[in-house]
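Some notes on the structure that comes next.
The values are calculated or read from the model by the stated rules, or taken from the named source; none is laboratory data. What you see is a predicted model, and the numbers here were worked out from it, not measured in a lab. Glycine gets a Cβ as well: all are built from the backbone with ideal geometry, and neighbour counts include every protein chain shown.
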Amino acid sequence: MIKKKIIIIVVSILLFAVITGCAIYFLVSFFGKTSEKYDEANLFKNGYVAVKKDGNWGIIDKKGKAVIPFEYEDAKVCESGNLFLVKEDGKYGFVNKNGIFEISNVYDDADIFSENGLAPVEKNDKWGYINNKGEYVIKPQYELAFEFQGKTAVVSIDGKNYLIDENGDKYFKKGYFNISNYSDSDEYFEVTEEKGDTFKDGIVDINGNEIIVPQFDSVRLNDNETVIAEKNKKYGVLDFNGKYILEPIFDDIYYSPKQKVYTAKKGKATEIFDENGDKIVDKDFERELTFGENGLVPINKNKKWGYIDVKGEYVIEPQFEDAKKFGAFDMAPIKKEGKWGYIDDNGKIVIEPVFDDAEPFGQNGVAYVKSDHASDWGCIDKDGAGIISCLYHKFMDYDDVVVLGSDNKKIFLFNAKGEKLNDEGFDAIGNFDEHYCKQEGCYNLTTLRDYCYDHRELDDEFYGIYDDLD
C-alpha cells in the first residue's frame, strides 16, 4: 500500500524485501532504448511500468513511450485490466489508457487491482474492496486491507490480521499479528502471534487450523510439507505432525526442492540430509553448500576445487583454484591461473579464464564478469561475447533484467541484449526505492533509509529503529 497506517509495517516490509520478489516484475526485459531521464522505476506489468520523472509519476509502455503523462503524485500498474492507479490532489483513483478517470479519485488510499479484479481502497478510515466499475464488492469495514494474492487477502480488524475470501468471509476465526505466504502453496500460511512481550511464528492451513502452533522465533515453509523452525537461535525441521525430522541443533538449515535434500550448518561444518533426516554424506564440509541448477556443489579438497553430487561423489575432480555454483546452460565459473572462466558439467572449459571475477549465468541468459578495475562489472552471453561493457558496479539481479550501478550511484537497467532502458540512470528502483548508500565510496544497497546498515549511525532519523531491530 502507499501510505498505510500499518501496525505491521516493519515486519511486512522486511519480510517482503527478503522474497520480493520478486519485486520489479522483471522490469524492461521488453524495453527498447529511451534517452528520457527518470528518477525511479516501479513495477513492470502487462507491458507497462510506472516511472517517476522530475518529481511526478506517469506510465510508459514497453517502448518507453509515455501512456499516462507525468503529472501525478503517485502511480502504479494493476495486475489485471487496463486501469492504472494514480494519486491526484491527495486522493487516489483509477485512470484508463487515455488518462481519463474511470474510477474517480475519491479515496484516501488504495492499492492496485489484483488478477481477480478486486482492489483495496480506503475512505473515511475504513478499507474495503471495489471492482473495476468502482462498485464495492466487500464493503468498507477494515482497519487495513492488502491486495488479493490468488483468492485470499489479509485484512486487519481490531488490531488483528485475518484471511478472507473474495466475498469477505473469514477463513480464520482467530486473528494474528501477521499472516504471510511465501511458498507456492495456497493452502498453508506462516503466521506470527503476539505472546506477551514476544512474537512467535507457526503454520496455519487455509481453514485456520494451526498445523504448527506459534511457538518459534521464525518458520520457513517448504513445499514438501515440512517446516524449518528456529528457536533460541537453533534450527530444526518438523513435519506437519510437529515431529522433528532434524533436531534443532543447527545454526541454519536450507531445503533444496530440486535435489530434495537439506543442507544444515553447525559451526564451520555443513551436512547433507535427505527428506527423512538421514545423513547422505559421511563427511562434513567447511564451506556452505550451494546447489547449482544441475545439482552439483563446488567443494574444496587439498586447496583445489571440484564438484560433487548430492551423494558426495565427485563428478568433476578437484583441479581449480576456486569455483562457484552452476547456473543456466549448465555452466559454472571457475578460477584458473588467477583468472575466472566457465566450465560445462563435464569439467571442460567453455569460456577461457580471462576475467578478474565472474558469477553464474542467470535465467536471463547473461553472466556478470569483472574486468581489471575493482569496480568494473559488465555482462557476457553464453558464448563469452561481451554484451555490456565492464563499466559498472554490480548491483542486483532479476530473472529477465540486468541491473548495474555506476560510480555516481546511478542505477541502469538492461535487457538480455544489453539495451538500456534509461541512458541517464535511475536514482532508485522498485517498490521500496532501492538505492545506493549515500556514504561516499559505499555501494551497499539500502531501502528504508539514506544509509546502509554499515553506516546507519549517519542517519539520525532511523538510527533508533535499526537499534531496535538488532
**Request:** Name every residue in segment 342-357 that is free of Cβ contacts under 8 Å to residues at least 40 places away in the same chain and either assigned to a loop (DSSP other than H, G, I, E, B) or not acidic (Asp, Glu) (or both), in order of residue number.
**Result:** Ile343, Asp344, Asn346, Lys348, Ile349, Val350, Ile351, Pro353, Val354, Phe355, Asp356
**Request:** Within segment 424-456, count every residue that is in contact with a helix residue (DSSP H, G or I) (Cβ under 7 Å, 6 or more places away or on another chain) and without any contact (Cβ under 8 Å) to a residue 12 or more places away in the chain.
**Result:** 2
**Request:** Check segment 163-180 and report whether any residue there is within 27 Å of Asn82 (Cα to Cα), aliphatic (A, V, I, L, M), in contact (Cβ under 8 Å) with a residue 60 or more places away in the chain and in a strand (DSSP E or B).
**Result:** no
**Complete:** When Thr290 is run through (1) at pLDDT 85 or above; (2) touching a Lys or Arg at 6+ places or on another chain (Cβ under 6 Å); (3) under 16 Å from Lys324 (Cα atoms), the failure sits at (1)
**Those residues of segment 132-156 which are surrounded by fewer than 16 Cβ atoms within 10 Å (Cβ to Cβ) and in contact with a Gly (Cβ under 9 Å, 6 or more places away or on another chain), in sequence order** = Tyr136, Lys139, Gln141
**Subset tally (residues that are closer than 19 Å to Asp345 by Cα and in a loop (DSSP other than H, G, I, E, B)) for segment 363-380** = 3
**Message:** Testing Asp169 on (1) surrounded by fewer than 19 Cβ atoms within 10 Å (Cβ to Cβ); (2) within 23 Å of Tyr254 (Cα to Cα), one condition comes back false. Which one is that?
**Reply:** (2)
**Asked** Tell me, which residue of segment 301-324 that is in contact with an Asp or Glu (Cβ under 8 Å, 6 or more places away or on another chain) and part of a loop (DSSP other than H, G, I, E, B) is farthest from Val354 (Cα to Cα)?
**Response** Gly312
**Request:** Quickly run through segment 88-114 and pick out the residues that are at negative phi, without any contact (Cβ under 8 Å) to a residue 40 or more places away in the chain and acidic (Asp, Glu).
**Result:** Glu88, Glu102, Asp108
**Prompt:** Within segment 62-87, how many residues are acidic (Asp, Glu), buried (at least 17 other Cβ atoms within 10 Å of the Cβ) and either without any contact (Cβ under 8 Å) to a residue 24 or more places away in the chain or within 16 Å of Leu118 (Cβ to Cβ) (or both)?
**Reply:** 1
**Prompt:** Residues of segment 425-462 being over 18 Å from Met396 (Cα atoms), at pLDDT below 80 and surrounded by 14 or more Cβ atoms within 10 Å (Cβ to Cβ), which ones?
**Reply:** Asp459, Phe462
**Request:** Give the residues of segment 403-424 that are part of a loop (DSSP other than H, G, I, E, B) and crowded, with 21+ Cβ neighbours inside 10 Å, sorted by residue number.
**Result:** Asn415, Leu421, Asn422
**Message:** Condition first: more than 20 Å from Asp217 (Cβ to Cβ) and surrounded by fewer than 18 Cβ atoms within 10 Å (Cβ to Cβ). Now tell me which residues in segment 172-189 satisfy that.
**Reply:** Lys173, Lys174, Asp184, Ser185, Asp186, Glu187
**Item:** Residue among Lys265, Lys260 that is of a type outside the set (Asp, Glu), surrounded by 15 or more Cβ atoms within 10 Å (Cβ to Cβ) and without any contact (Cβ under 8 Å) to a residue 60 or more places away in the chain
**Value:** Lys265
**Asked** Looking at Pro360, Pro298, which one is in contact with a Ser or Thr (Cβ under 9 Å, 6 or more places away or on another chain), at pLDDT 90 or above and either surrounded by 19 or more Cβ atoms within 10 Å (Cβ to Cβ) or not in a loop (DSSP other than H, G, I, E, B) (or both)?
**Response** Pro298
